[in-house]
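Each remark here refers to the structure printed beneath this line.
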Amino acid sequence: MLRPQDSRTRERKNLDGLWEFALDGQGTGRSERWFDGPLTESRRMAVPASYNDIAADATVRDHVGSAWYQRSVWVPRDWAGRRIVLHFEAATHRATVWAGTAEVVSHDGGYTPFEVDITEHVAPGEQVRITVEVDNRLSFQTIPPGVVEETPHGLRQRYWHDFFNYSGLHRSVWLYATDPAHLTDITVVTALNGSDGSVTYRVETANAAGAQTQVVLRDATGVEVATGEGSEGTLTVPSVHRWAPGDGYLYDLELQLVRNGELVDSYHQSVGIRTVRVDGIRFLINEEPFYFTGFGKHEDIPVIGKGHNNAFLVHDFELLDWVGANSFRTSHYPYSEDVLDYADRQGLVLIDETAAVGLNMGLGGGIFGGQGYTTFSPETANDVTQSVHAQAIRELIARDKNHPSVVLWSIANEPESETEAAENYFRPLFDVAREADPTRPVGFVNVMLAPHGTCRVSQFADVLMLNRYYGWYVNTGDLAAAEAAWEAELTAWAGDGKPIIITEYGADTYPGLHSVVAGSPWTEEYQVDYLEMNHRVFDRIDAVVGEQVWNFADFATTSGIMRVGGNKKGVFTRDRQPKAAAFALRRRWRKAP
Ligand code: BDP
């Protein structure tokens with residue numbers, strides 16, 4: 001699937017704005033056919049945004065089930081004879097869409113795009129009513145998993161991930177038009193050969209009988225550097241300007257579909273020419289060892305929740321640059337494509353993660369409440385879950401395969417990994433990822449409950465990603481004991497001979513809380529001391545090739561006795577003010593290499 005764009009042959013219409021909105025508290029929207037006409041008793045809702053925090057109302061915030069969005073849109077009159085497509089960048093977590101009264105598409109998974117050809121349901125020059133049912137229920141057969149419990153007080157959603165279950169239309173909605181003969185996909189793979197670069201491309205098309213594909217590669221100033229004919233080929237770029245961390249240089253690959261000398265479709269794909277490879281304990285970008293500095297992030301901002309917002313996108317990247325971060329992980333789901341595009345341009349390095357978080361019933365008794373479930377069983381995470389998870393991996397890679405910023409796939413965060421059931425569940429999923437993308441390393445994020453010697457899934461990973469909280473969840477306040485325990489465990493992992501990225505280490509910190517007494521959890525001083533202890537350990541272990549602090553900023557979670565107005569492990573507050581740790585990281589990360 002190609003992300004909608006304007007080009008010489010394509011036009012988009014953006015459907016963001018205020019939509020009609022109604023919660024389906026009784027779950028009767030379908031049987032009452034709410035899609036047959038204007039929504040009644042609706043309120044207005046901003047798109048893109050999570051709906052939860054927009055209304056100052058617990059019924060909206062804690063809603064479990066379907067919510068309905070609706071708006072009408074004029075279909076441009078000059079789109080007659082064109083193929084007209086409705087495209088959603090995301091609907092969290094499941095959506096069904098109607099154009100007029102016709103059901104046109106459904107999609108599972110809250111963080112990847114979907115689209116449908118609605119040409120036969122619209123008339124150019126007329127309006128069409130779009131109705132979307134967005135269901136936020138999680139089950140053991142969704143990614144991420146959860147359980148809906150029926151209680152005398154209504155439905156309650158339980159889940160095992162540490163961020164709020166924000167829901168709704170989180171990203172842009174588009175209507176766009178192409179010629180019936182059109183480009184449908186592009187895959188680029190880049191390589192380096194001395195000072196030359198190469199771009200191997202494969203273009204896919206539909207209804208394109210009698211048409212030819214041509215490609216033109218231009219540099220960032222618009223100068224043509226290579227051309228190709230046919231749907232596959234390799235372009236050579238002499239004296240290439242490489243994409244590199246901190247240097248987001250992008251070429252533009254224009255795909256053209258030509259019939260009888262006439263241009264019927266044109267699409268522009270940005271291309272960063274770089275290589276990625278694991279070599280022993282090194283992580284190589286352009287054959288040079290790369291050390292990750294940065295964070296695990298969240299898409300999480302006040303009021304808007306997980307809705308994409310360009311002001312926060314740019315501001316967060318400014319702060320990443322200020323603090324000296326060269327990378328982050330899209331914990332714990334695929335982020336907006338605007339984030340990926342911007343990372344490409346800024347030369348930021350990404351670990352790209354699926355939404356498979358919370359597949360671990362052993363985790364967090366204190367945070368999530370007693371589990372009472374077995375992770376992998378016919379009744380819980382089972383074969384269906386595995387195939388949904390495989391689909392999530394495929395959709396992530398299909399969407400993000402051409403982004404030079406993405407250097408590593410993370411297929412899950414902190415799943416159960418110490419059991420035979422986990423080994424059997426994950427083995428084929430690594431194959432799915434490698435089949436979808438043979439060019440990038442694949443890993444998953446290991447949890448503290450599966451330390452070295454017990455984990456049965458890390459054997460499949462190219463890179464070890466570890467989340468560890470020595471000095472926080474264990475050895476709380478005792479950094480001397482934490483340092484010894486952490487170094488012992490990390491030394492054992494280093495023996496596996498793979499690169500290690502510490503994908504989470506962090507301490508909850510209440511901004512403004514201080515103490516002159518060392519070892520005082522929740523203070524700003526403790527967060528600094530905690531990070532410095534970790535850094536001493538990392539600097540003693542050669543195989544550590546990256547450090548990503550948990551978290552970039554404070555973020556919303558479910559309420560509970562372990563969380564004070566959300567998770568406070570941010571180095572920045574939720575409104576992006578620095579804690580003392582931000583300055584400490586800046587001193588470390590901005591040091592000349
Ligand atoms: C890890 C999770 C992350 C949590 C973090 C924490 O990967 O999502 O927010 O711990 O407890 O287990 O702060």
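The values are calculated or read from the model by the stated rules, or taken from the named source; none is laboratory data. Please read these numbers as outputs of a predicted model, since none were measured by experiment. Here the Cβ is made from the backbone with ideal geometry for all residues, glycine too, and neighbour counts use every protein chain on show. SASA here: full protein model, heavy atoms, side chains in, ligands and nucleic acids out. Shrake-Rupley method; radii C 1.70, N 1.55, O 1.52, S 1.80 Å.
I'd like the Kirkwood hydrodynamic radius of the range 60-196, using the inverse of the mean 1/r over distinct C-alpha pairs, in Å.
17.3
What's the extension gain from Ser239 to Arg427 if we count 0.36 nm per residue and subtract their Cα-Cα distance?
63.6 nm
Given points 7 Å out from each Cα along the Cα-Cβ axis, report the Val148 to Glu120 separation in nanometres with one decimal.
So the label points at Val148 and Glu120 sit 3.1 nm apart.
Could you tell me the relative contact order of the range 297-409? Use alpha-carbon pairs under 8 Å, at least six residues apart, and round to a whole percent.
Relative contact order here is 27 percent.
Mind checking the full-extension length gain between Ser377 and Val303? Use 0.36 nm per residue of separation minus the Cα-Cα distance, one decimal, nm.
Working: separation 74, 0.36 × 74 = 26.64 nm, distance 3.81 nm.
Value of the extension gain: 22.8 nm.
Under the definition of Cα pairs under 8 Å and six or more residues apart, what whole-number percent is the relative contact order of the chain?
In percent, rounded to a whole number, it is 12.
So who's got an amide H within less than 5 Å of the one on Phe140, skipping anything under 5 residues away but keeping other chains? H placed 1.01 Å off N, in plane.
Long-range HN contacts for Phe140: Gly146.
Report the antiparallel proportion of the DSSP beta bridges in the chain as a percent, rounded to a multiple of 5.
Of those bridges, close to 75 percent are antiparallel.
How big is the Cα convex hull of the chain in projection, averaged over all directions, in nm²?
27.0
In whole Hz and in residue order, list the ³J(HN,Hα) couplings for the range 545-561 that follow from phi through the Karplus curve 6.51 cos²θ - 1.76 cosθ + 1.60, θ = phi - 60°; x for Gly and Pro.
10, x, 9, 10, 5, 9, 9, 4, 9, 4, 8, 6, 9, 5, 6, x, 6
Summing -39500 (n - 2.57) over the DSSP H runs of n ≥ 4 in the chain and dividing by its residue number, what mean residue ellipticity at 222 nm do you reach, to the nearest 500 deg cm²/dmol?
-6000 deg cm²/dmol
Jot down the radius of gyration and Dmax of the range 225-378, Cα atoms only, both in angstrom.
Rg and Dmax of the range 225-378, Cα atoms, are 20.7, 67 Å.
How much area per residue is accessible in the range 11-178 when the probe is 1.4 Å and only protein heavy atoms are counted (Å²)?
40
Can you send over the carbon and sulfur percentage of the accessible area for the chain, probe radius 1.4 Å, protein chains only?
Taking all protein chains in place, the chain shows 49 percent carbon and sulfur surface.
Counting DSSP beta bridges in the range 457-593, what percent are antiparallel, to the nearest 5?
Here the share of antiparallel DSSP bridges comes out near 25 percent.
For the range 182-274, what does the relative contact order come out to in percent, with C-alpha contacts under 8 Å and a separation of six or more? Can you show the working numbers first?
Details: 216 pairs, mean separation 28.5, N = 93.
This gives 31 percent for the range 182-274.
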